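Notes follow the structure.
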Amino acid sequence: GSVVASYPYDDSPTHRPTGVYSKSADDEVFKYLAKAYASHHPIMRTGKPNCPGEEGETFPDGITNGAQWYDVEGGMQDYNYVWANCFEITLELSCCKYPLTSELPKEWANNRESLLAFIEKV
């Protein structure tokens, strides 16, 4: 896990594991949507999730192009964009994939305003 808003494409023509910016035709729209979410999240907006084992990982403005971060061939985000014209971003909301129930109120507090800002973009 991490704390970042990722946008298409997750896959790149070279399939290098990381570091390839894979720009979609709607790249600016995707960046706008990702920033709309990230800019309202107290951790995401810093671009420094500080996840255990990945303390040096950074994301400018709290967002990343999927393939720039790591290549995912055949991901749902890309599939839905290409085949169904759905504009999806992927939200990594926690360093922990399975947070404890006791942590959920904090996670809701961290994400509430981001979610509302994102919904407003519809």
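For region 1-54, what are the residues that are small (Gly, Ala, Ser) and part of a loop (DSSP other than H, G, I, E, B)?
Selection gives Gly1, Ser12, Gly19, Ser22, Ser24, Ala25, Ser39, Gly47, Gly53.
For region 78-99, does any single residue satisfy the condition of being without any contact (Cβ under 8 Å) to a residue 60 or more places away in the chain and within 13 Å of the chain's Cα centre (by Cα)?
no
Evaluate the following for Glu57: is it more than 14 Å from Pro8 (Cα to Cα) and part of a loop (DSSP other than H, G, I, E, B)?
yes
Suppose we keep only residues that are of a type in the set (Val, Ile, Thr) and outside any strand (DSSP E or B) within region 60-91. Which one would you say is surrounded by the fewest Cβ atoms within 10 Å (Cβ to Cβ)?
Val82
Residues to consider are Pro99, Pro52; find the one that is exposed (fewer than 12 other Cβ atoms within 10 Å of the Cβ), more than 17 Å from Ala5 (Cβ to Cβ) and not aliphatic (A, V, I, L, M). Break it down into steps so the answer makes sense when it comes.
On the way: Pro99 fails: exposed (fewer than 12 other Cβ atoms within 10 Å of the Cβ).
After ruling out the rest, the residue left standing is Pro52.
Read the figures in this text as sums done on the coordinates, not as results from a lab. Just so we're clear, the structure is a prediction, and the values are computed from it rather than from any experiment. Don't worry about glycine lacking a Cβ; one is built from the backbone with ideal geometry, like all the others, and counts go over all protein chains shown.
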